[in-house]
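Shown next, in structure tokens, is the structure this report addresses.
The values are calculated or read from the model by the stated rules, or taken from the named source; none is laboratory data. This structure is a prediction, so every number in the text was calculated from the model and none was measured. Note that each Cβ is placed from the backbone with ideal geometry, even for glycine, and that neighbours are counted across all protein chains shown.
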């Protein structure tokens with residue numbers, strides 16, 4: 001009887017720990033899946049990045065792609081999960097880039 | 001114990017364990033602003049591992065919840081401020097942020113609401129940037145944080161409670177990671193209740 005209780009306790013702790021990490025693992029993916037909702041909430045269909053005027057160019061350069069009409073922007077969540085977005089390129093107009101963003105793929 | 005009772009008991013334990021794990025994850029995120037890797041610098045908080053491969057699952061989930069993603073540390077260092085004089089930032093008060101230039105190629109201070117989005121206001125003004133800020137002769141600056149219009153560096157507070165400020169430092173000095181708690185960052189003070 002005592003061993004049965006011990007096994008149950010160990011088992012429940014393992015399940016709780018697994019549930020903890022699985023939840024943390026899926027939260028970034030869930031938040032990214034809501035990105036279009038966030039875009040709509042942020043600025044009437046656009047997401048705004050508060051960044052220096054040339055920062056966007058730095059992203060473009062880091063992707064090694066020419067800044068044509070459509071530009072692929074690659075972002076990472078904490079440098080581990082790579083998300084790639086296709087965004088119409090806009091000439092910097094000031095402090096805030098407003099880009100309609102379409103998630104294309106995610107490499108997990 | 002009968003077979004049915006045992007199945008019910010095991011199922012209950014599994015469900016409780018799952019609930020504890022899931023709740024624990026969300027609770028861990030809710031306290032994410034003060035994680036083990038967090039560093040205080042005056043009234044501001046930053047995190048040493050945000051945007052790096054060292055970020056653990058909890059940090060990444062927290063970042064995703066509050067801002068979707070974080071740039072790599074050499075690109076941007078983020079500081080967050082959650083209270084002024086020990087109390088949450090509220091649109092019921094008038095605040096002043098005083099400081100001098102911040103060591104970065106470009107920086108901004110942005111106001112966020114409790115939901116981590118911009119605080120709506122008629123001027124569509126959400127932040128103050130290093131390229132726009134009005135400085136005094138000695139290089140220092142004052143930012144007015146209040147609902148009503150104020151001449152100069154003004155961030156409208158809109159309507160809300162439990163707001164926060166984010167300081168973004170783009171391309172900070174390379175050695176900044178070693179002195180995240182020693183920077184001379186702006187200070188915020190509550191001046192008075194808004195009329």
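Remarks
- Look at the range A:2-22: where a residue is more than 7 Å from chain B (Cβ to nearest Cβ) and in contact (Cβ under 8 Å) with a residue 24 or more places away in the chain, no partner that is loosely packed, with under 12 Cβ neighbours inside 10 Å and not in a helix (DSSP H, G or I) sits 6+ places away or on another chain with Cβ atoms under 6 Å.
- Matching residues, the range A:27-50, being surrounded by fewer than 14 Cβ atoms within 10 Å (Cβ to Cβ) and either at pLDDT 85 or above or part of a helix (DSSP H, G or I) (or both): A:30, A:33, A:37, A:40
- Selection status of residue B:180, assigned to a strand (DSSP E or B), surrounded by 14 or more Cβ atoms within 10 Å (Cβ to Cβ) and touching a strand residue (DSSP E or B) at 6+ places or on another chain (Cβ under 9 Å): no
- Leading residue by the ranking (nearest to the other protein chains (Cβ to nearest Cβ)) among those in the range B:115-137 that are loosely packed, with under 13 Cβ neighbours inside 10 Å and in contact (Cβ under 8 Å) with a residue 12 or more places away in the chain: B:131
- Checklist (1) surrounded by fewer than 20 Cβ atoms within 10 Å (Cβ to Cβ); (2) under 29 Å from residue A:28 (Cβ atoms); (3) without any contact (Cβ under 8 Å) to a residue 24 or more places away in the chain applied to residue B:70, failing item: (1)
- Among the residues of the range B:90-114, the one identified as over 18 Å from residue B:143 (Cβ atoms) and away from chain A (no Cβ under 14 Å) is B:92.
- Subset of the range B:91-112 [part of a loop (DSSP other than H, G, I, E, B) and surrounded by fewer than 18 Cβ atoms within 10 Å (Cβ to Cβ)]: B:92, B:101, B:103, B:105
- The one condition in (1) modelled with pLDDT of 85 or more; (2) on the phi > 0 side of the Ramachandran plot that residue B:84 fails to fulfil: (2)
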